[in-house]
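Peer 1: My questions all concern the structure below.
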Amino acid sequence: MIKSTIAFITLFTLLTMPVLAMAQNTAKNPETYTSAENLEEYLTGLYSELMKEYILHHNTDLYAKHTMEDYLLVVEIGIIEDRELVLTTVENLDFTSVTIENEEFLHHGDTVVLIGTKDMKGRIMGYTIDATMRYMSVFVQEEGRWKMLSGSFSPVVHPGVLYGEPEES
């Protein structure tokens, strides 16, 4: 009886170890999350961390790791920047704070779109910025990893700033 119990425990341990290892691996590597709730939590957290490291600390490692080679960014003045330009021009930023609010999470297959706002205070190329920016970032899953394919941000302004005051009729 003792031998069969030990054999059962040994067999059970050998059979469950790969499952336990996979569960531990998922906890350490949340890029493998598949449930929508965990994925939303992971990608919004990743985006916030990525942006804060880039904007406040000029750390491009995380940005480089989580963007596609053909990544494109549309910046607030309408210019399209490729990944290399974004990574090399980080020194143009001198920000003291950034607060990121995620408002929308759209998930379809291997694509996720995040939409929200960034409240930013600081300077870009010597120009003072104290504004709320609307951002949109597109993530795609490739070989089990989530990476940004594209992004954009633009100032949130009153329509009168862009279009003038409405005409009275």
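Peer 1: Within the stretch 137-149, does at least one residue satisfy the condition of being more than 24 Å from L39 (Cα to Cα) and surrounded by 11 or more Cβ atoms within 10 Å (Cβ to Cβ)? Give the derivation first.
Peer 2: Taking the stretch 137-149 as the starting set, the residues that turn out to be more than 24 Å from L39 (Cα to Cα) are none.
Scanning the stretch 137-149 turns up no residue that is more than 24 Å from L39 (Cα to Cα) and surrounded by 11 or more Cβ atoms within 10 Å (Cβ to Cβ).
Peer 1: Restricting to strands (runs of 3 or more DSSP E) lying wholly in the stretch 47-135: which have 2 or more residues that are crowded, with 17+ Cβ neighbours inside 10 Å and either touching a strand residue (DSSP E or B) at 6+ places or on another chain (Cβ under 9 Å) or without any contact (Cβ under 8 Å) to a residue 24 or more places away in the chain (or both)? Steps first, answer last, please.
Peer 2: On the way: elements: 67-74, 80-82, 93-108, 111-124.
Per the criteria, 67-74, 93-108, 111-124.
Peer 1: Can you report the number of residues in the stretch 62-79 which are small (G, A, S) and under 16 Å from L50 (Cβ atoms)?
Peer 2: Step one: filter the stretch 62-79 for residues small (G, A, S), giving 64, 78.
If we keep only those that are under 16 Å from L50 (Cβ atoms) as well, we get 64.
Residues flagged as small (G, A, S) and under 16 Å from L50 (Cβ atoms) within the stretch 62-79 amount to 1.
Peer 1: Spot the failing condition for L149; the list is (1) part of a strand (DSSP E or B); (2) closer than 28 Å to Y42 by Cβ; (3) in contact with a Lys or Arg (Cβ under 9 Å, 6 or more places away or on another chain); (4) aliphatic (A, V, I, L, M), and only one is missed.
Peer 2: (3) is the only condition that L149 fails.
Peer 1: Please tell me if G160 is assigned to a helix (DSSP H, G or I) and out of contact with any Asp or Glu (no Cβ under 6 Å at 6 or more places or on another chain). I'd like the intermediate steps shown before the answer.
Peer 2: Details: assigned to a helix (DSSP H, G or I): yes; out of contact with any Asp or Glu (no Cβ under 6 Å at 6 or more places or on another chain): yes.
Answer is yes for this residue.
Peer 1: Let me confirm something: among G144, G151, which residue is out of contact with any Phe, Trp or Tyr (no Cβ under 7 Å at 6 or more places or on another chain) and either among the charged types (D, E, K, R) or touching a residue at least 60 places away in the same chain (Cβ under 8 Å) (or both)?
Peer 2: Numbers: G151 fails: out of contact with any Phe, Trp or Tyr (no Cβ under 7 Å at 6 or more places or on another chain).
The conditions single out G144.
Peer 1: Now for a separate question. Considering only residues that are among the aliphatic types (A, V, I, L, M) and in contact with a helix residue (DSSP H, G or I) (Cβ under 9 Å, 6 or more places away or on another chain), look in the stretch 43-68 and name the one that is nearest to L106 (Cα to Cα). Explain how you work it out, then say what you get.
Peer 2: Step one: of the stretch 43-68, the residues among the aliphatic types (A, V, I, L, M) are 43, 46, 50-51, 55-56, 62, 64, 68.
Right, trim to in contact with a helix residue (DSSP H, G or I) (Cβ under 9 Å, 6 or more places away or on another chain) and you get 46, 50-51, 55, 62, 64, 68.
Values: L46: 16, L50: 19, M51: 19, I55: 25, L62: 23, A64: 23, M68: 19 Å.
Filtering first and then ranking leaves L46.
Peer 1: Consider V140 carefully, then state whether it is in contact with a His (Cβ under 6 Å, 6 or more places away or on another chain) and under 24 Å from K65 (Cβ atoms).
Peer 2: no
Peer 1: From the list V75, V138, which one is at pLDDT below 95 and among the hydrophobic types (A, V, I, L, M, F, W, C)?
Peer 2: Values: V138 fails: at pLDDT below 95.
Only one candidate qualifies: V75.
The values are calculated or read from the model by the stated rules, or taken from the named source; none is laboratory data. As the structure is a computational prediction, the values presented were derived from the model and not from experiment. Neighbour counts run over all protein chains shown; Cβ positions are idealised from the backbone, glycine included.
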